[in-house]
Protein chains: 4
Amino acid sequence: MRFFSDNAAPACPAVLEAIAAANTLDTAYDGDGWSVKLDDRFSELFETRVRALWIATGTAANSLALAALCPPHGGVVCHSEAHVNVDECGAPEFYTHGAKLLPADGDGAKLTPETVEALLGTIRDDVHQVQPRALSITNATEYGRVYAPDEVAALGAICDRRGLGLHMDGARFANAIAHLGCSPADVTWRAGVDVLSFGFVKNGGLSAEALIFFKPDLAADTRYRRKRAGHLLSKGRYLAAQILAMLDGDVWLENARAANAAAAMLATAAGDRLVHPVEANEVFLRVTPEEAESLRALGFDFYDWGPDEARLVTSWNHGAEAVAPLAQAIAAL
Amino acid sequence: MRFFSDNAAPACPAVLEAIAAANTLDTAYDGDGWSVKLDDRFSELFETRVRALWIATGTAANSLALAALCPPHGGVVCHSEAHVNVDECGAPEFYTHGAKLLPADGDGAKLTPETVEALLGTIRDDVHQVQPRALSITNATEYGRVYAPDEVAALGAICDRRGLGLHMDGARFANAIAHLGCSPADVTWRAGVDVLSFGFVKNGGLSAEALIFFKPDLAADTRYRRKRAGHLLSKGRYLAAQILAMLDGDVWLENARAANAAAAMLATAAGDRLVHPVEANEVFLRVTPEEAESLRALGFDFYDWGPDEARLVTSWNHGAEAVAPLAQAIAAL
Amino acid sequence: MRFFSDNAAPACPAVLEAIAAANTLDTAYDGDGWSVKLDDRFSELFETRVRALWIATGTAANSLALAALCPPHGGVVCHSEAHVNVDECGAPEFYTHGAKLLPADGDGAKLTPETVEALLGTIRDDVHQVQPRALSITNATEYGRVYAPDEVAALGAICDRRGLGLHMDGARFANAIAHLGCSPADVTWRAGVDVLSFGFVKNGGLSAEALIFFKPDLAADTRYRRKRAGHLLSKGRYLAAQILAMLDGDVWLENARAANAAAAMLATAAGDRLVHPVEANEVFLRVTPEEAESLRALGFDFYDWGPDEARLVTSWNHGAEAVAPLAQAIAAL
Amino acid sequence: MRFFSDNAAPACPAVLEAIAAANTLDTAYDGDGWSVKLDDRFSELFETRVRALWIATGTAANSLALAALCPPHGGVVCHSEAHVNVDECGAPEFYTHGAKLLPADGDGAKLTPETVEALLGTIRDDVHQVQPRALSITNATEYGRVYAPDEVAALGAICDRRGLGLHMDGARFANAIAHLGCSPADVTWRAGVDVLSFGFVKNGGLSAEALIFFKPDLAADTRYRRKRAGHLLSKGRYLAAQILAMLDGDVWLENARAANAAAAMLATAAGDRLVHPVEANEVFLRVTPEEAESLRALGFDFYDWGPDEARLVTSWNHGAEAVAPLAQAIAAL
């Protein structure tokens, strides 16, 4: 059984059904009956007027968001271990035309007002240095940590004071919301977020993420940028349909709860071995190479994460019965 | 009935079935069991060793191809009405980092050795002018015209002599092959083509095109560029599966033949009204606004193409019985 | 005697003296005593509040201007023979990050409201096409033609109506003003120009052009872009000093008048041979290859401009006595 | 007396004389009699065949060098405090079209094989991470430290093994050579350097740096990139003349020796206050704010460099008599 990444899981049934149901002639690009519903549907979910665009990947969603917030000669503050900084092959630099990522620190890949201010304090306000124009945070983070509304708001206040745009990489936004139990609005626009990459693929989608603009004006240019990046699929209805299907009946939230519950079961079994508190669907364990090997010998697979550490990611389809044997094996180490 | 674009057609059954069959956990990105077969499968089809990457859109495929062939300070010769020049919102400029499209002329959006040489003759070989580094042709063209192998070879010879890379935008490559009846090799690498954007979406696919490198080395950097552009879908297997399903049993060719046959039926009905010879699945008609209106009143829809001209595009699912009423209506104008 | 280009002329005495006078320690970059005077000095000249930046080349000045007016996904309307389109090796595309130049027509490289509207009329207002965001005109044009204030204003009105920024490439702005005899304000901001590249190098400068922002806000980002392009010289005072020296006592205007007068003398001699009316310091002549050869045999050199045409450019240092022999030779052809 | 930066010093007499001597009509751009001599002159100096281009600024020279070595999707290893990383407003990102700077550590802004390997070891060889393609070092460094030939060679060996291009930012290359007393060849191409930004401006030039390609092929595209960046001055002869004047009679070396000697005098006076060994023309002192104030009260000015630290930079024109009072004042603190 594989726990490499929620990226690798299959799509959930509602998504496959929605694709089949959308398999009829309609207007190309995003003029179809599904795509045109996204704005309203997300506005309802977020309790404010938003503009929503489907995007095929989280990397493109993040990069388009940053390009909307930061000019080519600006900088984007992010955690040094943020996905945008280390795992996207320079996509933010491509989309922003060379804006500079300005890495700051924090435990569990979480930024804090202190670490952000510390970084900002190193930048002279003169033409020789790249000036910060945006801040990007990941919720849940790359280590499965969750920003609570007040934590985001504290960063939002810095952005507000300094004139920075605020982007949230929500590749695992559903997992964060499932953990927080708050309204999606509380941890986004109410806390100062301007643009959200709302992930669906890791959470049971097939090929659709949503890019949510809480300042609708920012979406106008992004529609051109999306096309220019070759991300305006001609049969966009299949992406919109996936998203709508996951919003209907809160499939997105159910899926995230299932993945989080599976991770929680592993966390309980892991006890002192946990490197980070488990708040979403990622579990980082201290294990010796021999211990890791013994788990693999039992049929479980996962990434080594540096020496003596392993990363296990649970997915929407990891029910209790599927994860229990791994939890047992971890407890028995 | 709509004849706006083959872009708007549904996906064909084989594609939907393939997606469902791929709906199982596998390695993320392009390490899955489907993606790894593409090189071999296309190498077989093209009778030479190729590298093949799935790409979600034709715009991205074209742009990645051009970026592989042309440096930021170079130029790409193309027809003034080429899709890359007028319908991709500057995507080639984005991916190449500002290479310049150098438009040349030709009937039916077809370049000829004469028009290409005429353009090249206007460019001084000095540092003040953008130097041509690639040539891009569309087969079938934006007006549904098809380049025969010897026509491509004549352009390939210019490229060879001048050190230009040769790209073929094959958004409707299947339609071209269905018309020509030749081996796909004859009209591509045997005629000097370096990179082909092989379209599947207009031909019954859902969200997958293939980018074929006849010089496999060119693919290496493109793998990074694809990721950097946010085009490396994490669940790439669903794209690979679509393509494989259309290659199996020559679905791609059957679909194209069906669309071409539908267009041929319309062409026969249109007679003298044809603006361009109908060789693929696009029909351009001379019609007055009143005539266009009368067709629409019968339930047929399509784009006006300037004053007194209409564009009708047929699709893989336009069987004879579906198109006959339109043919009749055209004949009766 | 060479009439290739005003580019090749020496610097005028006032410029050399100013450089020598500036050769003392001062604040680096543009904090020195010369640079800080530019805003006031140009504001006075233009009878309105402007921001002025020195730039070492016209190509960089033009490109920075266009980058200030046009986003990467936008388009810049210009004449098909404009310097920015054909003689800058893609610099505008580099600085704008791939904006597309949208070439329009007009005699003598002059755009007209009709040709601009004709071009704009071909662009659909949809996400597939690059949308125009700026217009660039050259005054005097690449063929030595001059836009009068009302001609600029007519284009400015289009820009105003369509929301386009208006850039004037004034590589030979001094020659245009010398011809028009109007206030520099009349043919720039009063006619709707947002940014002017004010050329000094062709007119007797050594290495300094001025970029004039009539909307001062546009200059703020450009200061960063200038640095980012490596165009913020550390000893900027030598550039500012050149410009100030040419503004003092209207050296810029005297130099331009001298060059224009020399061209006028040649024009008179040329009579019917003129391809374009001579309004600035460029003379385009119909001459057979044999005639061109005979002029060269007399010691005059210049560019052939296509078959049976020659381009002669006069400079600030071409006094009547220097040009008279060439005028005589032309008259004698 | 100001010790802010060698950037602010006047140009040396030989440079002014050379500019005056070049003030005659010649071929524009780099076809003039001075520019065409650069290749030979630098080939002689470096004891191997090189290609040399004049560039108006060090920022542009560095950025063009990096663009020649690193594709847009690649990375450039450099010191975290390197000028290219923190003081060029993102110019390397602009010129490389978004390549990523990959910062490594080392005392005195010097990289070591260990710190470079440590950084490289963090980069996975997969498509999600920016792959290193070049290494950039500064000699003398931003803290006035000098790389000896064997130190460069050790880094060159890593580059060789890993397929990285090696760039040397030689804004103060002359000061490094003056310190080392070696042949310029020893610390550049013999040690594996591919491209050198050879600074002249900080060393008594007015507006000319040289970009030296030890692999001459790399220069070909750079000539286009230079034009495209607006850095091909039309009156390039004035830049070439400056450089030639400083090479003649080893003015470049004499100037650097003078600046280094001035710094050495300050270093001797500073004793234990030195933060870094003084090897070139920069002196970093531990001083309290009160001590700094007392020096300023005596008429000496300089930058604070963080709390309790001051940076003093000497210039080619700082003779012993000019510096002695400052040395005395420092010794008396």
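What follows draws every value from the coordinates through simple rules; no lab data is involved. All values derive from a computational prediction rather than experimental measurement. Cβ atoms come from the backbone with ideal geometry, glycine included; neighbour counts cover every protein chain shown.
Condition test on A:Leu239, is it exposed (fewer than 15 other Cβ atoms within 10 Å of the Cβ), over 30 Å from D:Ile123 (Cβ atoms) and hydrophobic (A, V, I, L, M, F, W, C)?
Working: exposed (fewer than 15 other Cβ atoms within 10 Å of the Cβ): no; over 30 Å from D:Ile123 (Cβ atoms): yes; hydrophobic (A, V, I, L, M, F, W, C): yes.
Taking the combined requirement at face value, the residue does not satisfy it.
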### Query
Looking at the stretch C:18-40, which of the residues that are crowded, with 19+ Cβ neighbours inside 10 Å and part of a helix (DSSP H, G or I) is farthest from the other protein chains (Cβ to nearest Cβ)?
C:Leu38
### Task
Quick one: count up the residues across the stretch B:278-291 that are part of a loop (DSSP other than H, G, I, E, B) and surrounded by 14 or more Cβ atoms within 10 Å (Cβ to Cβ).
5
#### Entry: Test: residue in the stretch C:216-226 that is more than 14 Å from every other protein chain (Cβ to nearest Cβ) and of a type in the set (Lys, Arg)
no
### Message
Take the residues in the stretch A:131-164 that are more than 20 Å from A:Ser183 (Cβ to Cβ) and among the hydrophobic types (A, V, I, L, M, F, W, C); name whichever of them is surrounded by the fewest Cβ atoms within 10 Å (Cβ to Cβ).
### Response
A:Ile158
### Message
Anything in the stretch A:90-114 that is buried (at least 18 other Cβ atoms within 10 Å of the Cβ) and either among the hydroxyl-bearing types (Ser, Thr, Tyr) or free of Cβ contacts under 8 Å to residues at least 12 places away in the same chain (or both)? List them, or say none.
### Response
A:Gly90, A:Glu93, A:Tyr95, A:Thr96
### Message
The conditions are (1) small (Gly, Ala, Ser); (2) in a loop (DSSP other than H, G, I, E, B); (3) surrounded by fewer than 24 Cβ atoms within 10 Å (Cβ to Cβ); (4) in contact with a Leu (Cβ under 7 Å, 6 or more places away or on another chain), and C:Ala11 fails exactly one of them. Which is it?
### Response
(3)
### Query
Does B:Ser43 fit the bill of being more than 7 Å from every other protein chain (Cβ to nearest Cβ) and either farther than 30 Å from C:Ile123 by Cβ or surrounded by fewer than 23 Cβ atoms within 10 Å (Cβ to Cβ) (or both)?
yes
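Is it fair to say C:Leu155 is away from chain B (no Cβ under 14 Å), touching a Pro at 6+ places or on another chain (Cβ under 8 Å) and of a type outside the set (Phe, Trp, Tyr)?
Considered against the rule, which asks whether it is away from chain B (no Cβ under 14 Å), touching a Pro at 6+ places or on another chain (Cβ under 8 Å) and of a type outside the set (Phe, Trp, Tyr), C:Leu155 comes out as yes.
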### the stretch A:89-104, residues that are closer than 17 Å to B:His231 by Cα, more than 7 Å from every other protein chain (Cβ to nearest Cβ) and either hydroxyl-bearing (Ser, Thr, Tyr) or not in a helix (DSSP H, G or I) (or both)
A:Tyr95, A:Thr96
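For the stretch D:50-69, how many residues are within 22 Å of C:Arg226 (Cα to Cα) and over 16 Å from the mean Cα position of the chain (by Cα)?
Let us first name the residues in the stretch D:50-69 that are within 22 Å of C:Arg226 (Cα to Cα), namely D:53-68.
Then drop every residue that is not over 16 Å from the mean Cα position of the chain (by Cα), which leaves D:67-68.
Of the residues in that region, 2 qualify.
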### Message
Of everything in the stretch A:57-73, what is assigned to a loop (DSSP other than H, G, I, E, B), at the interface with another protein chain (Cβ under 8 Å from one of its Cβ atoms) and closer than 28 Å to C:Leu64 by Cα? Give them in sequence order.
### Response
A:Pro71, A:Pro72, A:His73
#### Entry: Number of the exception - A:Phe200 against (1) within 14 Å of chain B (Cβ to nearest Cβ); (2) without any contact (Cβ under 8 Å) to a residue 40 or more places away in the chain; (3) not charged (D, E, K, R)
(2)
### Query
For D:Arg133, which of the numbered conditions (1) within 14 Å of chain B (Cβ to nearest Cβ); (2) out of contact with any Leu (no Cβ under 9 Å at 6 or more places or on another chain); (3) under 21 Å from D:Ala68 (Cα atoms) fails to hold?
(2)
### Task
Identify, by number, the condition in (1) touching a strand residue (DSSP E or B) at 6+ places or on another chain (Cβ under 6 Å); (2) of a type outside the set (A, V, I, L, M); (3) at positive phi; (4) touching a residue at least 60 places away in the same chain (Cβ under 8 Å) that B:Arg133 doesn't meet.
(3)
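So, in the stretch B:46-57, how many residues would count as being among the hydroxyl-bearing types (Ser, Thr, Tyr) and surrounded by 18 or more Cβ atoms within 10 Å (Cβ to Cβ)?
Looking only at the stretch B:46-57, we keep the residues that are among the hydroxyl-bearing types (Ser, Thr, Tyr), and these are B:48, B:57.
Checking the rest, the ones that are also surrounded by 18 or more Cβ atoms within 10 Å (Cβ to Cβ) come to B:57.
Within the stretch B:46-57, residues that are among the hydroxyl-bearing types (Ser, Thr, Tyr) and surrounded by 18 or more Cβ atoms within 10 Å (Cβ to Cβ) number 1.
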### Count - residues of the stretch C:74-88 that are more than 12 Å from chain D (Cβ to nearest Cβ), crowded, with 24+ Cβ neighbours inside 10 Å and closer than 20 Å to D:Tyr224 by Cα
1
### Summary
Checked the stretch D:41-56 for anything over 21 Å from D:Cys159 (Cα atoms), hydroxyl-bearing (Ser, Thr, Tyr) and not in a helix (DSSP H, G or I); matches are none
### Query
How many residues does the stretch C:47-67 contain that are hydrophobic (A, V, I, L, M, F, W, C) and out of contact with any Phe, Trp or Tyr (no Cβ under 7 Å at 6 or more places or on another chain)?
7
### Flag if A:Ala245 is more than 9 Å from chain B (Cβ to nearest Cβ) and either without any contact (Cβ under 8 Å) to a residue 12 or more places away in the chain or buried (at least 24 other Cβ atoms within 10 Å of the Cβ) (or both)
yes
## Note on the structure
Apart from one, (1) closer than 14 Å to D:Ala60 by Cα; (2) surrounded by fewer than 21 Cβ atoms within 10 Å (Cβ to Cβ) all hold for D:Leu211; the odd one out is (2)
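Do we have any residue at all in the stretch D:139-153 that's of a type in the set (Asp, Glu), assigned to a helix (DSSP H, G or I) and closer than 29 Å to D:Trp316 by Cβ?
Yes, there is a match, as at least one residue in the stretch D:139-153 is of a type in the set (Asp, Glu), assigned to a helix (DSSP H, G or I) and closer than 29 Å to D:Trp316 by Cβ.
The rows are residues; the columns are (1) buried (at least 21 other Cβ atoms within 10 Å of the Cβ); (2) among the hydroxyl-bearing types (Ser, Thr, Tyr); (3) in contact (Cβ under 8 Å) with a residue 24 or more places away in the chain.
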| residue | (1), (2), (3) |
| --- | --- |
| C:Leu206 | yes, no, yes |
| C:Ala229 | yes, no, yes |
| C:Ala261 | no, no, yes |
| C:Thr268 | no, yes, yes |
| C:Leu274 | no, no, no |
| C:Pro307 | no, no, no |
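Would you check which residues across the stretch A:105-123 are within 18 Å of A:His276 (Cβ to Cβ), part of a loop (DSSP other than H, G, I, E, B) and among the β-branched types (Val, Ile, Thr) and list them?
Step one: list which residues in the stretch A:105-123 are within 18 Å of A:His276 (Cβ to Cβ), which gives A:105-112, A:115.
Still in the list and also part of a loop (DSSP other than H, G, I, E, B): A:105-106, A:110-112.
Matches in the stretch A:105-123: A:Thr112 only.
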### Query
From B:Arg190, B:Arg133, which residue is basic (Lys, Arg) and part of a strand (DSSP E or B)?
B:Arg133
### Query
Conditions: (1) in a helix (DSSP H, G or I); (2) surrounded by fewer than 24 Cβ atoms within 10 Å (Cβ to Cβ). B:His128 meets all but one. Number of the miss?
(1)
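State yes or no: is A:Ala52 touching an Asp or Glu at 6+ places or on another chain (Cβ under 6 Å) and facing another protein chain (nearest Cβ under 8 Å)?
Details: touching an Asp or Glu at 6+ places or on another chain (Cβ under 6 Å): yes; facing another protein chain (nearest Cβ under 8 Å): no.
Considered against the rule, which asks whether it is touching an Asp or Glu at 6+ places or on another chain (Cβ under 6 Å) and facing another protein chain (nearest Cβ under 8 Å), A:Ala52 comes out as no.
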